[in-house]
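Asker: First the structure, then my questions, so here it is.
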Amino acid sequence: MAAHTLQNSLHEILRALMSWRIWGIAAMDDIAGRYRRTILGPLWITLGQAGFIAGLYLLREKFAASNPHYLTYLAASLPTWGLLASFVVDGSNSLVKAKGFIDAYPIPMAIHSVRSVAASYVNYAHLLVVYVVVAAFEGTIHVALVGVAPGLLITMVFGVGAALLLGPLGARFRDLGPASAMGAGLMFVLTPVFWVPGRQQIESPLVMYNPFYYLLEVVRAPLIGEAVAPLVWLIASLIALATLTAGLIVYVRMRPQVVYWL
């Protein structure tokens with residue numbers, strides 16, 4: 001029975017990943033639905049990010065007075081942080097929000113976990129528009145921009161793992177959703193997103209033992225024209241693979257009970 005459950009759950013996850021038309025359209029609709037009947041639509045995402053970056057840039061004397069390209073640093077950091085945070089926050093609510101679809105349509109439940117990851121990337125694409133404009137303005141668009149693809153692949157593995165891990169847990173423990181949002185807010189301050197770490201800070205436990213720093217750095221560094229240290233690549237990859245493994249284990253074990261918890 002246990003082997004049969006394992007096989008069915010893994011087959012369901014595979015079918016969900018292959019059903020790109022379903023979760024792709026659903027992800028686009030998730031973003032568009034937030035701004036339905038508005039004039040600017042999803043452009044509000046881009047404008048909101050631009051305003052936030054402008055506000056932090058005005059306070060640059062407190063965070064990075066000596067960094068001549070702090071605006072580009074912000075434009076690369078904030079969207080990438082938003083992507084990582086949404087994996088955690090939206091992932092914990094992915095199955096709860098999809099209750100109506102789960103009850104009404106006989107599609108693999110894991111599609112709703114993948115859907116939340118896809119929606120995070122759609123949102124990220126809107127936010128990255130600000131980076132392109134800022135980098136072009138400052139003349140800091142680098143050839144190393146192509147190096148962002150491996151980093152995004154690593155974050156994708158992490159995102160799918162987080163959704164599979166937190167989705168069933170969020171259905172079982174409803175406090176996980178608010179707790180993950182609160183935790184993401186705390187980690188936003190502790191992680192070098194809007195502040196530029198010096199050598200001493202990078203070597204501090206606050207950064208060295210912060211998993212989000214490594215996931216952030218493998219995407220941000222190429223965007224600002226910096227090389228990613230091999231150790232950072234290794235740790236980010238291990239974090240992503242560990243999260244995916246934990247997600248698969250939790251999803252397989254909790255999948256049969258999820259429908260009763262929703």
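The values are calculated or read from the model by the stated rules, or taken from the named source; none is laboratory data. Remember, it's a predicted structure, so these values are computed and weren't measured experimentally. Cβ placement follows ideal geometry from the backbone for every residue including glycine, while neighbour counts extend to all protein chains displayed.
Asker: Just checking, does segment 90-109 include any residue being buried (at least 22 other Cβ atoms within 10 Å of the Cβ) and within 16 Å of I45 (Cβ to Cβ)?
Answerer: Within segment 90-109, one or more residues are buried (at least 22 other Cβ atoms within 10 Å of the Cβ) and within 16 Å of I45 (Cβ to Cβ).
Asker: If a residue has to be hydrophobic (A, V, I, L, M, F, W, C) and surrounded by fewer than 16 Cβ atoms within 10 Å (Cβ to Cβ) to count, how many in segment 238-260 make the cut?
Answerer: 6
Asker: State all residues of segment 130-140 that are part of a helix (DSSP H, G or I) and either small (G, A, S) or surrounded by fewer than 17 Cβ atoms within 10 Å (Cβ to Cβ) (or both); if no residue qualifies, say none. Reasoning before the result, please.
Answerer: Start the filter on segment 130-140 by keeping residues that are part of a helix (DSSP H, G or I), which leaves 130-138.
The answer is V132, V133, A135, A136, F137, E138.
Asker: Follow-up. Return yes when A76 is small (G, A, S) and at pLDDT below 75 and no when it is not. I'd like the intermediate steps shown before the answer.
Answerer: Numbers: small (G, A, S): yes; at pLDDT below 75: no.
No, not satisfied.
Asker: Next question. Out of segment 184-227, which residues are farther than 22 Å from A75 by Cβ and surrounded by 15 or more Cβ atoms within 10 Å (Cβ to Cβ)?
Answerer: Within segment 184-227, P211 is the sole residue that qualifies.
Asker: Another one. Scan segment 184-200 for residues that are assigned to a loop (DSSP other than H, G, I, E, B) and at pLDDT 85 or above and jot them down.
Answerer: Applying the first criterion (assigned to a loop (DSSP other than H, G, I, E, B)) to segment 184-200 yields 191-198.
Of everything in segment 184-200, those that are assigned to a loop (DSSP other than H, G, I, E, B) and at pLDDT 85 or above turn out to be T191, P192, V193.
Asker: Now a separate question. When residues of segment 104-119 are filtered for being free of Cβ contacts under 8 Å to residues at least 40 places away in the same chain and either at positive phi or assigned to a helix (DSSP H, G or I) (or both), how many remain? Walk me through how you get there before you give the answer.
Answerer: Step one: filter segment 104-119 for residues free of Cβ contacts under 8 Å to residues at least 40 places away in the same chain, giving 104-106.
Narrowing further to those that are either at positive phi or assigned to a helix (DSSP H, G or I) (or both): 104.
Count: 1.
Asker: Out of A149, A171, I need the residue that is in contact (Cβ under 8 Å) with a residue 24 or more places away in the chain, out of contact with any Gly (no Cβ under 8 Å at 6 or more places or on another chain) and either buried (at least 21 other Cβ atoms within 10 Å of the Cβ) or on the phi < 0 side of the Ramachandran plot (or both). Which one? Step through it out loud before you land on a result.
Answerer: Details: A149 fails: in contact (Cβ under 8 Å) with a residue 24 or more places away in the chain.
None of the other options fit; the residue is A171.
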